[in-house]
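Scroll down for the structure; my scribbles are underneath it.
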Amino acid sequence: MPPFLQKYWGQLQNIFRKLDNRQKIILGVVAVVVIGAIVAVASMSSKEGKVVLYKGMEATDFAAVTGKLKELDYSFSTSGTSAIFVAPEKKDEILMVLAQEDLIPKGIAGWELFDLDKWSETQFEKEVKKQRAMTGALSRTLSTLSSVESAEVNIAFPEDGLFEDNLIPVTAAVLLRYKPGVESLTRKEIKGIETLVSRSIPGLKRENVSIAGPDGNILNDFDDDIEKDKWELKQVTEKLKIQEVQRLKLLNDIKSSLGKFYGEGMYGERFEVVRLEVALNWDKEKIEANEVSPVVMTPDNPETPYSERVVQDSLEVSSKETTEKFEGNGFTPEGPAGTEPNIPPGYKDKDYQRASYEKRENIKNNEFNKTHRQIEKQPWEIEGVSLSVILDGHWEVLGERKDGSGYERKYVPVSEADLDNITDVLKKAISYNRVRGDQISVRHIQKDRSAQFAKEDAELRRQKAFRRTLLATLITLVALALATLLFHAISKEMERRRRLREEELAAQQQMMREAALRAIEEEGVEVEMSLEERARKEMIENAKNLAKERPEDVANLLRTWLSEE
């Protein structure tokens, strides 16, 4: 150990010996804490550092980004709910993946590189550094895409203006170079690049970002394809609508015609249009025709019953007549002067003989009536019609069956003559043209009406059962009414007889009482009468006197009593 260290070590030992036990314990604890702090700092400094991915995030953006990072199995750490830290070598890759998933938080620049400020820098130099830092960060981020070899980003910032309406928007252009073997990017990757660039530059909108490939074609111009697809789809839809309108119109005409003859049977319509297909040709045709017609010299008078029309094939416009005539000795040309003729001597002597020549030429120029037509057909025409119709015969009801279970019926099929007539009518209805490939089929097929017959027979049985029940009910009611009347008549007669017996007994008792009274009066025996007997006697005496004095009133009173009883 060096001497100076021995000196310091000895001083420390002397100081440590002078301390009491309490001071020694405190000093030991402090030494342990310091050593632990040094070890912790050393261990933390030995770990791999992390950089800020995003900070100042909202809660919703923080939850979405952390959820996606967990789903993709990326290592990260957080600080509260506003900052996320990742490994430096993974930062660009994570930014690219989040951009493809459209998870770049709004308002976050997406770059951290910026040169160190100098005290002598001007504001213009700072803006240049800012723009360079943005483009550099975006270029490195885009280069981490698996399909991109390199990327260049150009950003155009407008100058600040006084009025917001006159400001030029921020624009960005991205040029991508693919890796070997890559021909194009997917739409999702292009959308991810567009989102990353627009979210990384303040004030930049998605529609102001242009992404170009190595050949210079704009990759994020999806509107033209979409509009083209929409237009083609709209055309197809409109064509199908027109075709369906034509089919329904023809179908209604056919059903209306057949319904007049086969639509009013006992069981409803006796026809069925199995298939009606109308094929339209959407090819546009332009026809150019030259027509030649005769010249009308005298037009027809429509007021006369005959025709005065006079026509001529053509009119003579000009003519030329030429006449040539020659008589004299003929000669044979012998060639240029100074050369010997190539004519045999014998023939040369015979050549100079008298000759005669005559030519007549008569040329006439006639003009015809010409019509030049340029016809452009409508955008569609019927290319073919396919029609299939089934006819059913009719049923005749002969009456009810003997067992009462239903109707007796007879089926009458459609005759061949009717099938031929219907076929001819339908051909006229659809403008049948065999040349264009029209097809028509009219057949007789008996329709199964077992369910309808069973329903009819069940209804017949139900009506018959109802009539029987109704008849039995009426008979029962009549019998009850007669029994009631008979009961009332018998009861009334028995009451009348009972009343007569009571009156007869009362009269006999009265006669016996009167006889007893007379016997007593004759014998001179006074008998004391009760109050009731006295009242009865007085009433009888009054009734007798009244009957003697007013016999008509008494008779009316008795008739009234009898009628009430």
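When peptides 419-426, 137-144 are sorted by average Cβ neighbour count within 10 Å, with the highest value leading, the order is 137-144, 419-426. Cross-link check: pairs K255/K455; K55/K179; K24/K50; K129/K191 evaluated at a Cα-Cα cut-off of 30 Å; pairs beyond the cut-off: K55/K179; K24/K50.
Can you give the FRET efficiency for F222 and E127, using 1/(1 + (r/R0)^6), R0 = 41 Å, r = Cβ-Cβ distance, to the nearest 0.05?
On the way: r = 33 Å, r/R0 = 0.81.
For R0 = 41 Å, the calculated efficiency reads 0.80.
Here each label is just a point 7 Å from Cα along the line to Cβ, and for T186 and N556 those points are 12.2 nm apart. A straight chain from Q6 to A83 at 0.36 nm per residue would run longer than the Cα-Cα distance by 22.5 nm. Expressed as a whole percent, the accessible surface of segment 360-434 that belongs to carbon and sulfur atoms is 45, based on a 1.4 Å probe. Spin-label model, S388/R499: points 7 Å from Cα along the beta carbon direction are separated by 9.1 nm.
Can you tell me the FRET efficiency between E159 and S139 if r is taken as the Cβ-Cβ distance and R0 is 22 Å, rounded to the nearest 0.05? Efficiency at R0 = 22 Å is approximately 0.35. Using the Cβ-Cβ distance between K249 and L419 with R0 set to 25 Å, the FRET efficiency from 1/(1 + (r/R0)^6) comes to roughly 0.50.
Model label sites at K447 and A479, defined 7 Å from Cα along the beta-carbon direction, differ in position by 4.8 nm.
The values are calculated or read from the model by the stated rules, or taken from the named source; none is laboratory data. Because the structure is predicted, anything quoted here is derived from the model rather than measured. All Cβ positions, glycine included, derive from the backbone under ideal geometry; neighbour counts span all protein chains shown. Just the protein is used for accessible areas: all its heavy atoms, side chains included, with ligands, DNA and RNA removed. Shrake-Rupley method; radii C 1.70, N 1.55, O 1.52, S 1.80 Å.
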